Amino acid sequence: QKGGFAHFMLKEIHEQPQVAREVINLLNNSADVQSILDQLATARHIYFIGCGTSYHACLAGAVYFGQLAKKAVTPVLATQFIPQYLPAVNQEDVGIFVSQSGETKDVLTALQEAQNRGMTCFSLANVIGSTLTRGTSACLPLGCGYEISVPATKTFTNQVITFLYLATRLGGQDLRQLDRLPELMSQTITMTDPQVKALVPKINSWNDLYCLGYGATYSMALEGALKLKEITYAHCEGMLSTEFKHGPLSAVLKDFPILFVAGPEDVPLIVSGINEVTCRGGRAIAIGEADQRLNANATDVITIPSSNAAFASLLSVIPLQLLSYYMSVDRGYDPDFPRNLSKTLTVD
Ligand code: F6R
């Protein structure tokens, strides 16, 4: 059942290239994509709404929409949508509700309230036939098959790929380049697995970490931090790299581990953050494409294959998934079934 892997989580991490291919095929052949794009193009305001990992995909999607389609999108946590945005919503607005399970109560409550105000609602979900997919005017399926492990991995990357696809198409850019993604994801797994394993003994005694990103990699830093918290039980804070100097920098001690997810276009900015940490004795771990500037400044480097800024952000979450997995196993935990959590949250 685990296909020769020790855990479902590791199996599902390795399934990512294959399900990425599947979702790109589904999107290319979907009858709904064009009408969703038409409504996004004319919407007064667009919201991407989800919880936990699915919210992080919304954050990544909003960056892709800004950069590739020149469209402003508000990514928002489902529960915060109600007090913050609902009073301003009307029938000219469009929301995309994102959920692996399609049963998360917080998402369904936001959907109900948004529909009461006349908003056009679409969904992005893995479980087709779920309450969410039955309640929206159109649903884009994630095509991942069952995700058994409680920490979401392959459904996250397919959510991000779906947003990347929509932004690419809405922006009138070349869609064929997306066909390279599955192979790049596969190379990322092969390339980063040994690098991540070598890092684990250097940082796994810490119960406090930071994971920083900027622009498109900000969402990946938050997602990496969530995975680490979820299955290692360590405290890992994800934040915007440029905010670190506005306070948290004071926490840096000798060897204190800080992960920097470096997009290829943001290396100079990330390097200045790295130097603020290393000059105080902290351990700066850079994740990014091969780059002399990262090698020269970071304490450790995890190298991903070279591609472009949009792809690099997506690829960089893979070593973070692997890192949380190996750290969890090294601590003697079962990453598939972390304590206190269940796969689907059907309560308020
Ligand atoms: C983290 C994780 C959770 C879910 C969240 C939303 O690995 O799985 O944070 O992402 O509970 O669940 P869905 O996507 O089913 O709405």
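The values are calculated or read from the model by the stated rules, or taken from the named source; none is laboratory data. None of the values given here were measured: they were computed from a predicted structure. We place every Cβ from the backbone using ideal geometry, glycine too, and count neighbours over all the protein chains shown. What goes into the accessible areas is simple: the full protein's heavy atoms, side chains included, and nothing from ligands, DNA or RNA. Shrake-Rupley method; radii C 1.70, N 1.55, O 1.52, S 1.80 Å.
What to note about this one:
- 222 nm mean residue ellipticity, helices alone, for the chain (DSSP H n ≥ 4; -39,500 (n - 2.57); rounded to 500): -15500 deg cm²/dmol
- Rounded is the label for segment 192-315, because the ratio a/c of its alpha-carbon gyration tensor axes (a ≥ b ≥ c) stays below 1.5.
- Anisotropy class of segment 55-137 from Cα gyration tensor, a/c 1.5 cut: oblate
- Gain on full stretching of the segment that runs from Gln115 to Glu92 - 0.36 nm per residue minus C-alpha separation: 7.1 nm
- Computed over segment 121-251, the percent of Cα pairs more than 20 Å apart is 62.
- Element breakdown for the chain at a 1.4 angstrom probe: carbon and sulfur atoms account for 50% of the accessible area.
- Amide N of segment 268-289 lying under 13 Å from the label point, which is placed 7 angstrom from the Cα of Lys254 along Cα→Cβ: 280-283
- On Cα atoms only, tilt of 181-203 relative to the major axis of the chain in degrees: 40
- Dipole in debye (nearest 20) - the chain, about Cα centre, beta carbon charges: Lys, Arg +1; Asp, Glu -1: 160
- Think of the chain as a dipole: +1 on every Lys or Arg Cβ, -1 on every Asp or Glu Cβ, centred on the Cα centre; then among Met327, Gln177, Leu59, Met327 lies furthest on the positive end.
- Against the main long axis of the alpha-carbon atoms of the chain, helix 52-69 sits at an angle near 80°.
- Gyration tensor verdict on segment 49-93 (Cα atoms; rounded if a/c is under 1.5, prolate if a/b is larger than b/c, oblate otherwise): oblate
- Remark: spin-label model distance Thr346-His246 equals 4.1 nm, labels positioned 7 Å along the Cα→Cβ axis.
- Residues within the reach of a label modelled at Leu269 (point 7 angstrom out along Cα to beta-carbon, backbone nitrogen below 13 Å), restricted to segment 223-262, are 240-244, 261-262.
- When each of Lys197/Lys254; Lys11/Lys254; Lys229/Lys343; Lys154/Lys202; Lys70/Lys245 is checked by Cα-Cα distance, pairs over 25 Å: Lys11/Lys254; Lys154/Lys202; Lys70/Lys245
- FRET efficiency, 1/(1 + (r/R0)^6) with R0 56 Å, evaluated for Ala296 and Asn25 via beta carbons: 0.85
- For peptides 337-345, 264-272, 141-149, sequence by mean Cβ density within 10 Å, most packed first: 141-149, 264-272, 337-345
- Computed with a 1.4 Å probe on the full set of protein chains, the accessible area for His7 sits at about 30 Å².
- Convex hull of the chain built on C-alpha atoms - directionally averaged projected area, nm²: 16.5
- For segment 132-251, the per residue solvent-accessible surface stands at 36 Å², with DNA, RNA and ligands left out and a 1.4 Å probe.
- Paramagnetic reach from Arg44 (point 7 Å along Cα→Cβ, amide N under 16 Å) across segment 78-98: 85-95
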